[in-house]
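Following: one structure in structure tokens, then a few remarks.
The values are calculated or read from the model by the stated rules, or taken from the named source; none is laboratory data. Note that the coordinates shown come from a computational prediction; the quantities given were computed from them, not determined experimentally. Cβ placement follows ideal geometry from the backbone for every residue including glycine, while neighbour counts extend to all protein chains displayed. Each accessible area value is taken on the protein alone, full model and side chains, heavy atoms only, with ligands, DNA and RNA left out. Shrake-Rupley method; radii C 1.70, N 1.55, O 1.52, S 1.80 Å.
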Amino acid sequence: MKSIRSRRGYWLFLLVAAAVIAVAFLPAHTAAQSNSQARIVRLSFVEGTVTMYRPDADQWAKVFVNTPIQQGFKIATDSNSFAEVEFENGSTARLGQSSELDFSNLSLSPEGSKINHLTLAQGYATFAVAPEKGDVYQISAAGSTFDATSKSMFRVDLDQSGQRVEVFKGDVGVQGPYGSGTIAKNQVLAMTPGSAEPFQ
């Protein structure tokens, strides 16, 4: 009788120990999974016809206000149509008419800072950026990259002749095929491939 009780106690101890280990490891694993791509980015304004392309879909579809935006999504506007995307901290990307903006990377770093890599495929967009500690806001357009490391507002125009960047607030770093530098407030950078001064 005594040996039966001792065996029962032994097995009960093993079950309790296994349960404690499972509970101890489960929250950390679950948190790591949920935070890896946990972003709250949404379509905050729509005027006219705005469409979205998702990586898991085979065609563009019309979208409406408050549609969530995830990594790999693309937003496009028709003529006389506009859209605004809002990020967690109030930063925005305002898309002009006949434009397309691709969300190449919307992720979190291991430290929890937000990584935002956007690509302006066509048209024009205005970006109002308010980075928090460690955040990355990077806009690509026609082979050039624009980095906003502090609070800033700037517009990127892209057409067949080249691209134009105007900074309204703060400053923006630029790296492109014709050079690199910083565009300060009230400055305009024009890049015109094939011209006598392509980086002006």
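Going down the list Lys74/Lys114; Lys133/Lys185; Lys62/Lys133; Lys62/Lys151; Lys114/Lys185, which pairs span over 26 Å between their C-alpha atoms? Pairs exceeding 26 Å: Lys62/Lys133; Lys62/Lys151.
One quarter of the surface of the convex hull around the alpha-carbon atoms of region 85-200 equals 6.9 nm², the direction-averaged projected area.
For region 44-200, the solvent-accessible area of protein heavy atoms averages 50 Å² per residue (probe radius 1.4 Å; ligands and nucleic acids excluded). Annotation: extensible slack from Glu132 through Phe64 equals 21.7 nm (criterion: 0.36 nm per residue apart, minus Cα-Cα distance).
Between the beta carbons of Ala121 and Asp56, assuming R0 = 25 Å, the FRET efficiency works out to 0.80 to the nearest 0.05.
Placing pseudo-labels 7 Å out from each Cα toward the beta carbon at Ala184 and Glu88 gives an inter-label distance of 3.4 nm.
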